[in-house]
Amino acid sequence: MANTTSTPVSADSNLTARALREGFYAGLISLGLFVLFVGLKTDQNILNELILVQRWGLLAIFVAVAAVGRFAMVAYIRPFMERQKVTNLVTGLLPDSVATRFFKLPVFIAAAVIGLGLMIFGGTISASISPTAGAYLSLIRGAAVVYTLASVFFYFRAYIVANFSMLAIIALILYPPVILALTGVQGSLKWVDNFGVQILIYVMLAWGLNIVVGLAGLLDLGYVAFYAVGAYSYALLSSYFGLSFWILLPLAGILAAFWGMILGFPVLRLKGDYLAIVTLAFGEIIRLVLINWTEVTKGTFGVSGIPKATLFGIKFDASKDGFAALMGLPMSSAYYKIFLFYLILALALLTAFVSIRLRRMPIGRAWEALREDEIACRSLGINTVTTKLTAFSIGAMFGGFAGSFFAVRQGFVSPESFVFLESAIILAIVVLGGMGSLVGIAVAAAVMIGGTELLREMSLLKQIFGEDFTPELYRMLLFGIAMIVVMVWKPRGFVGSREPTAFLRERKSVSGSFTKEGHG
Amino acid sequence: MMTKDPILKVDHLSMRFGGLMAINDLSFEAYRGDITALIGPNGAGKTTVFNCITGFYKPTMGMITMRQKAGKEFLLERMSDFEVNRDAKVARTFQNIRLFSGLTVLENLLVAQHNKLMMASGYTVLGLLGFPTYKKAAAQSIEQAKYWLDKANLTDRADDPAGDLPYGAQRRLEIARAMCTGPEFLCLDEPAAGLNPRESLALNELLRGIRSDTGTSILLIEHDMSVVMEISDHVVVLEYGQKISDGNPDHVKNDPKVIAAYLGVEDDEVEDVIAEVEGETGGAH
């Protein structure tokens with residue numbers, strides 16, 4: 001044992017010693033964890049024999065990252081964070097002093113100029129240079145745009161926070177024309193469809209599930225079943241009976257609500273884990289029925305050739321009286337996508353409107369009361385059976401709407417789209433966003449779905465890791481890491497507090513520490 | 001003395017949990033406009049009686065009749081828990097407070113007016129469409145909540161989460177919430193448990209106010225004898241699931257059976273008992 005001196009050791013060297021020690025341990029642990037996973041790999045050689053490939057270099061990188069990361073965390077990052085005093089524990093954001101140092105006007109102007117310039121001339125520049133340089137260029141463009149937007153958010157944060165919903169709706173309405181202007185008709189396809197429509201579908205689904213999970217506190221792991229009911233309702237009824245989208249949209253919602261009630265009855269007596277497992281089974285049953293009832297659903301082949309939606313009878317096709325021809329525009333599928341964008345936006349806003357309205361109605365309050373304490377509800381004369389059933393069926397109805405929209409957007413549905421993973425993603429968005437908060441959920445959906453879609457855009461990663469590296473395969477990893485980070489940083493989700501539905505003198509939001517997650 | 005009008009009649013009530021007879025052939029009456037106290041040592045079956053009256057337990061045997069002011073009678077043992085409140089107008093509180101802690105104080109009182117508001121909102125449909133009947137009913141329900149906030153002295157905390165209130169205020173809120181359902185008969189399970197003397201006093205005020213202002217009859221379980229003797233008109237004493245005494249507070253206070261139940265035995269016998277116990281433990285050593 002080394003002699004411990006009684007002279008006061010300076011805090012600095014103490015910290016370094018601790019950081020070194022913890023870094024060493026972290027390296028040791030990661031060595032133990034990864035030596036078999038990463039250090040050794042079984043492979044087949046040319047003679048089809050099983051051989052062990054040794055990858056000590058890669059293992060060393062893993063261990064070094066863990067060790068150095070832990071060292072830096074203990075020695076520099078944590079003291080830095082403490083010095084900065086993350087005072088704003090509510091938002092978890094860095095204090096203004098750090099943010100003002102980070103967001104400076106000259107840098108903002110430079111970033112805006114670079115971002116805008118690259119957006120306009122990026123295409124011509126990247127055509128004349130190597131793909132590697134082009135990938136870096138797009139990275140710089142992305143960073144500049146993100147910095148510019150972040151600065152705008154920072155400087156106008158008070159105004160943005162106060163009017164978030166209104167600004168978000170205006171931004172969403174303006175989104176397609178702006179994208180159209182920036183990227184042209186063909187270029188807009190990706191941004192409107194892959195990002196806009198995709199994110200909004202998940203926003204709507206998560207808002208629908210929020211009624212069941214966030215408000216009524218009923219953990220539903222089979223929500224995707226209602227999405228499937230809606231999608232197949234539209235797909236089958238339109239192909240067998242030729243009914244139009246506008247008739248089938250409400251019908252799909254009603255059918256899904258009906259199935260929500262069917263699910264609701266047997267699970268009324270169940271709580272917590274038991275309820276979750278039965279709903280999970282229900283989701284799988286619906287999927288298996290879709291796979292095996294081949295005469296009607298065509299099984300795993302799915303239903304294809306689903307008719308498109310029309311706008312007041314105007315079709316989005318190349319015909320003489322199609323949308324493009326009537327408007328005197330060149331034919332492009334982009335207009336249909338933009339139409340779909342506005343359609344799902346309207347549906348999502350309807351979901352939000354109804355959710356907000358319902359929360360202030362006796363039924364919505366009863367849902368929240370049910371989440372807080374079911375026995376107390378019954379002692380107040382609230383029929384918890386009908387209350388739970390309405391929560392299930394109204395949540396399911398919005399799932400059904402979203403499902404029929406999904407069918408009309410894809411033009412093709414198959415049971416593969418309705419696997420448990422989808423339910424898990426929707427539930428994850430609700431939990432990440434903060435159960436019960438519409439804004440939090442919308443942000444979570446944008447970050448999660450948009451983030452995973454952005455991975456496809458990371459052509460730079462291909463340049464680094466090689467051509468056969470497909471970043472989108474890592475989206476689930478990203479999803480998992482994001483969930484862990486958010487849950488450590490904000491255990492109640494992005495928006496953990498709850499807005500009261502009525503107030504006497506002033507509206508004070510209720511801290512997440514008082515609300516319950518529900519138990520049934 | 002004029003004959004009293006019973007609001008609640010419990011006849012030959014028995015409740016068995018497996019081999020345990022929690023209540024054994026219990027009969028008593030609670031009178032309209034009275035504060036009736038149900039007392040007894042721990043484990044006497046008081047809360048079980050409450051749960052039977054309010055529909056949370058189905059009694060093994062017996063009949064519980066609730067007679068409303070208008071003369072309508074309800075057999076509570078046949079009704080489910082929420083119907084007991086909704087139709088028979090019997091409200092209750094819980095021994096371990098059950099508030100909606102994540103809702104504000106005001107919202108707690110609005111949830112209690114659920115059935116009234118559901119009707120006014122046309123089972124949500126008309127309310128969703130913005131019909132004025134619901135708006136009027138919603139405004140009325142806030143007025144009603146304000147009235148009880150004022151009674152329970154909680155107006156200042158109306159917009160705070162219920163879970164944030166101190167213990168005594170939570171007790172008062174639970175009573176106010178039960179009153180917002182518009183009951184004719186209010187069952188309180190240990191309303192004074194854990195209250196300090198000042199809060200107990202405020203509780204007495206509140207209960208007296210409830211009786212005089214709304215005519216609601218009250219049945220309460222209580223251990224705090226200062227509350228029981230102070231405010232109740234009629235006391236029923238239980239021990240081991242059976243009624244051992246029934247009458248006005250003075251009568252019960254001096255009933256030898258009650259004293260024996262609470263203190264075990266008479267004072268002069270205590271020494272004998274101690275000697276007996278010591279003899280036994282001495283033998284064991």
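The values are calculated or read from the model by the stated rules, or taken from the named source; none is laboratory data. Remember, predicted model here, so these are calculated numbers, not experimental data. Note that each Cβ is placed from the backbone with ideal geometry, even for glycine, and that neighbours are counted across all protein chains shown. For the accessible areas, the whole protein counts, side chains as well, though only heavy atoms, and no ligand, DNA or RNA atoms are used. Shrake-Rupley method; radii C 1.70, N 1.55, O 1.52, S 1.80 Å.
Observations, loosely collected:
- Filtering A:252, A:216 for residues that are assigned by TED's automatic domain parsing to the domain that holds residue A:361, at pLDDT below 90 and open to solvent by less than 10 Å² (accessible area, probe 1.4 Å) leaves a single hit, A:216.
- The range A:353-362 - residue that is assigned to a helix (DSSP H, G or I) and open to solvent by 10 Å² or more (accessible area, probe 1.4 Å) and, of those, nearest to the other protein chains (Cβ to nearest Cβ): A:357
- The residue that is surrounded by the most Cβ atoms within 10 Å (Cβ to Cβ), counting only those in the range A:372-387 that are touching a residue at least 40 places away in the same chain (Cβ under 8 Å) and more than 8 Å from chain B (Cβ to nearest Cβ), is A:387.
- From B:108, B:96, residue being outside the structural domain of residue B:189 (by TED's automatic domain parsing) and outside any helix (DSSP H, G or I): B:96
- Residue identified as assigned by TED's automatic domain parsing to the domain that holds residue A:408, surrounded by 13 or more Cβ atoms within 10 Å (Cβ to Cβ), part of a helix (DSSP H, G or I) and out of contact with any Asp or Glu (no Cβ under 8 Å at 6 or more places or on another chain) among A:221, A:263, A:243: A:263
- Check on residue B:100, out of contact with any Lys or Arg (no Cβ under 8 Å at 6 or more places or on another chain) and over 22 Å from residue B:237 (Cβ atoms): yes
- For residue B:124: the one exception among (1) within 29 Å of residue B:263 (Cα to Cα); (2) among the polar types (S, T, N, Q); (3) over 22 Å from the mean Cα position of the chain (by Cα): (1)
Residue-wise test of (1) modelled with pLDDT under 80; (2) crowded, with 16+ Cβ neighbours inside 10 Å.
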position: A:460; (1), (2): yes, yes
position: A:468; (1), (2): yes, no
position: A:485; (1), (2): no, no
position: A:493; (1), (2): yes, yes
position: A:498; (1), (2): no, yes
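- Complete set of residues in the range B:36-54 that are of a type outside the set (Gly, Ala, Ser), surrounded by fewer than 23 Cβ atoms within 10 Å (Cβ to Cβ) and in a loop (DSSP other than H, G, I, E, B): B:41, B:42
- Of the residues in the range B:59-78, at least one is in contact (Cβ under 8 Å) with a residue 12 or more places away in the chain, assigned to a loop (DSSP other than H, G, I, E, B) and in contact with a Ser or Thr (Cβ under 8 Å, 6 or more places away or on another chain).
- Test for residue B:169: is it within 28 Å of residue A:359 (Cα to Cα), within 9 Å of chain A (Cβ to nearest Cβ) and touching a Leu at 6+ places or on another chain (Cβ under 9 Å): no
- Looking only at the range B:82-92, and only at residues there that are open to solvent by 50 Å² or more (accessible area, probe 1.4 Å) and assigned to a loop (DSSP other than H, G, I, E, B), the one that is farthest from residue B:160 (Cα to Cα): B:87
- Check on residue A:448, surrounded by 13 or more Cβ atoms within 10 Å (Cβ to Cβ) and modelled with pLDDT of 80 or more: yes
- Lone unmet requirement of (1) among the β-branched types (Val, Ile, Thr); (2) within 22 Å of residue B:47 (Cα to Cα); (3) at pLDDT 85 or above for residue B:228: (3)
- Among the residues here, residue B:84 does not qualify as away from chain A (no Cβ under 14 Å) and out of contact with any Cys (no Cβ under 7 Å at 6 or more places or on another chain).
- When residues of the range B:120-136 are limited to those that are of a type in the set (A, V, I, L, M, F, W, C) and within 9 Å of chain A (Cβ to nearest Cβ), the one least open to solvent (accessible area, probe 1.4 Å): B:120
- Of residues in the range B:1-35 being more than 21 Å from residue B:51 (Cβ to Cβ) and aliphatic (A, V, I, L, M), the one most open to solvent (accessible area, probe 1.4 Å): B:1
- As a summary of the residue check, residue B:153 satisfies the conditions (1) assigned to a loop (DSSP other than H, G, I, E, B); (2) more than 7 Å from every other protein chain (Cβ to nearest Cβ); (3) within 28 Å of residue A:214 (Cβ to Cβ); (4) touching a residue at least 24 places away in the same chain (Cβ under 8 Å) except for the one numbered (3).
- Residue check, residue B:79 within 14 Å of chain A (Cβ to nearest Cβ) and either surrounded by fewer than 23 Cβ atoms within 10 Å (Cβ to Cβ) or aromatic (Phe, Trp, Tyr) (or both): yes
- Of all the listed residues (B:95, B:113), the sole one being buried (at least 21 other Cβ atoms within 10 Å of the Cβ), more than 7 Å from chain A (Cβ to nearest Cβ) and at pLDDT 85 or above is B:113.
- Pairs, first over 10 Å from residue A:208 (Cα atoms) in the range A:388-402, second of a type in the set (S, T, N, Q), C-beta under 8 Å, six or more apart: A:390/B:124
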